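Chemist: Encoded as structure tokens, here's the structure I'll be asking about.
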Amino acid sequence: MGELIQSVTNGIIEQTKTTSSKESSGYNALGKDAFLKLLVTQLKYQDPLNPNTDTEFIAQLATFSQLEQLQNLSSLTTHSQAFSLVGKHVMINTKDASGETSIISGRVDYVTMSNGKVYLSVNGNLYNVDQLNSVISDEYIIEKGLPSIEKPIHLEYDAENPEDLTFEVNLGEGDYVANQVAIVINGKLLDSDKVSLVGNKVKIDKEALSSFANGTYNVAVIFNDPFLTTVTDKVTLKIVNSTVTENPDDDNDDNDDESEEEIPETV
């Protein structure tokens, strides 16, 4: 089996190489039994005039014993890495009856061993650890499931010919799906009855835009998913042909200042 722990790219730990079971079995076959066969063969065909010494046989045995220990350590490390996958999201290479390869994904429920092989339980099925393709971080899963707006959206509102404005959003997946949105323009939260969501389309009522002056505004879209995902850099709104010179909130602030200055002093 290839290394289970690799560098992270976009939240995914890539599995770069998988050693075939045939190669593994050939590698593991070189142990004490193989050494004994080689020893017997060597004794059978050695030169009787120049036989091997006991020291040479002991050195050979030590070499093969060291090799066996390295194999055991490698197997132990592989098993330890496999058990660390419990609870992780993984991608598994699978083959159907026709031999076509496909990839399934899911969370590792548990890891088990049978006949010296390690198996991962994913979506209720057992897969050999050699079929492991990738390990996916939880943060990446959450990020991919959150609501979003894929491409920049440019809206335009003509005050002389007012119309409702609509645009599409991605409402998320799984446990992170949103079913309501809120709109903030120029720091002003639009009334909820002026904003509606039908399917994946957001509609802004034309009446909600009639009080804005000419200009270009960034539109913040707030989703009601568990993380209250807010997108502030994808939607812009351009107001044209408006007779409003200033936004209502700015006018109210100016009027309040003027009214305070005009109050006469009493004696």
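Chemist: Using θ = phi - 60° and the Karplus curve 6.51 cos²θ - 1.76 cosθ + 1.60, what whole-Hz ³J(HN,Hα) does each residue of the range 145-161 get, with Gly and Pro shown as x?
Modeler: x, 6, x, 6, 10, 6, 10, x, 10, 10, 9, 9, 10, 9, 5, 6, 10
Chemist: Related question: With unit charges on the beta carbons (Lys and Arg positive, Asp and Glu negative) and the dipole taken about the Cα centre of the range 147-251, which residue among LEU190, PHE227, GLY172 sits farthest to the positive side?
Modeler: GLY172
Chemist: Please give me the summed charge of the neighbours of VAL111: other residues whose Cβ is under 13 Å from its Cβ, Lys and Arg +1, Asp and Glu -1.
Modeler: So the surrounding residues net to +2.
Chemist: Which of LYS117/LYS144; LYS201/LYS238; LYS95/LYS201; LYS151/LYS188 have a Cα-Cα distance over 29 Å?
Modeler: Over 29 Å Cα-Cα: LYS117/LYS144; LYS95/LYS201.
Chemist: Can I ask one more? Restricting everything to alpha-carbon atoms, can you work out Rg to Rh for the range 147-251 with a Kirkwood hydrodynamic radius?
Modeler: Here the Rg-to-Rh quotient is 0.98.
Chemist: For VAL219, list long-range residues whose amide hydrogen, built 1.01 Å from N in the peptide plane, is under 5 Å from its own amide hydrogen.
Modeler: VAL235, THR236, LEU237
Chemist: Stretched out fully, how many nm does the piece from LYS238 to ASN179 gain, at 0.36 nm a residue minus the Cα gap?
Modeler: Additional length available on full extension: 18.6 nm.
Chemist: Using a Förster distance of 30 angstrom, determine the FRET efficiency expected from the C-beta separation of THR166 and LEU228, and round it to 0.05.
Modeler: With a Förster radius of 30 Å, E is 0.85.
Each value in this text was obtained by applying a stated rule to the coordinates, not by laboratory testing. Every value quoted in this text rests on a predicted model; they were computed, and no experiment measured them. A quick note on method: Cβ atoms are made from the backbone with ideal geometry, for glycine too, and the neighbour counts reach across all protein chains shown.
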